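J.: Mind having a look at this structure? Questions to follow.
The values are calculated or read from the model by the stated rules, or taken from the named source; none is laboratory data. Everything numeric here is computed off the predicted structure, so don't read it as measured data. Here the Cβ is made from the backbone with ideal geometry for all residues, glycine too, and neighbour counts use every protein chain on show.
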Amino acid sequence: MKRILLLLLLTLGFQAYADTRYVVDQIFITLRAGPSNEFRVLKTLKSGDSMDLLEEQEEYSRVMMADGTEGWVKSKYIDPTPIAAIALVQANQRVEQLEKSNAELKEKITNLNTELKTLTQDLSQAEKSNKKLTRDFDKINQVAAKPIEVAQQNEELLARNQQIEEEILELRRENETYANTAGRGWFMAGAGVVVLGLAIGLIIPRIRWRKSSSYWG
């Protein structure tokens, strides 16, 4: 029952695409050269034959057959709806087309799912690679930062070394100053000792002579 309804719906839908007429069931009609029985017969048409409607009058209609023949047929013998047999064939063809399209869509969906799975795996792998590259980049930055840090420390050490050298030179100058001062002090002290010794050497004999003179006097 559902299949019959589907066929009928498809048949109705098919009619919306073309203005086509069909010979009604179980009859034979004539295609004439003009719109009356007085015109000669061009060919005989049977039920189910299709034609394109070119002009429609009250009694006759001008049509063109599939082979290009144009003529006139009685309007009451043609209908926009095909006979049941043709409608069934057309409906079956439509169903086959839909089933084929459905199968193609299923295949496309399967292919898209497969492609999506592959892309998801690629994305996951890319994210892992990105994380690894980020870690490697951080390591490179750390390694690259060490020479800069070492260079800064080297500059600081050079500056400190220069400062120490200046302090050493200053200490050396102060030491030389102290040494010169100490030398002069020892020299003066030595000179004082010599002078003192000379004075003592001069005084003591006199003291002894005086004592001797007093004793003998």
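J.: For region 40-82, which positions are free of Cβ contacts under 8 Å to residues at least 24 places away in the same chain and farther than 14 Å from F28 by Cα? Before you say what the answer is, go through the steps one by one.
T.: At the first step, the residues of region 40-82 found to be free of Cβ contacts under 8 Å to residues at least 24 places away in the same chain are 40-41, 44, 46, 54-58, 64, 66-68, 70, 75-76.
R40, L54, E55, E56, Q57, E58, M64, A66, D67, G68, E70, listed by residue number.
J.: Among the residues in region 33-45, are any within 60 Å of the chain's Cα centre (by Cα) and either modelled with pLDDT of 90 or more or surrounded by 11 or more Cβ atoms within 10 Å (Cβ to Cβ) (or both)? Quick ask: steps written out before the conclusion?
T.: Looking only at region 33-45, we keep the residues that are within 60 Å of the chain's Cα centre (by Cα), and these are none.
Checked against the condition, which is being within 60 Å of the chain's Cα centre (by Cα) and either modelled with pLDDT of 90 or more or surrounded by 11 or more Cβ atoms within 10 Å (Cβ to Cβ) (or both), region 33-45 yields no hits at all.
J.: Inspect all residues belonging to region 96-104 and state whether any of them is over 59 Å from the mean Cα position of the chain (by Cα) and either surrounded by 10 or more Cβ atoms within 10 Å (Cβ to Cβ) or at pLDDT 90 or above (or both). Reasoning before the result, please.
T.: First, pick out the residues of region 96-104 that are over 59 Å from the mean Cα position of the chain (by Cα): none.
The answer is no; no qualifying residue exists.
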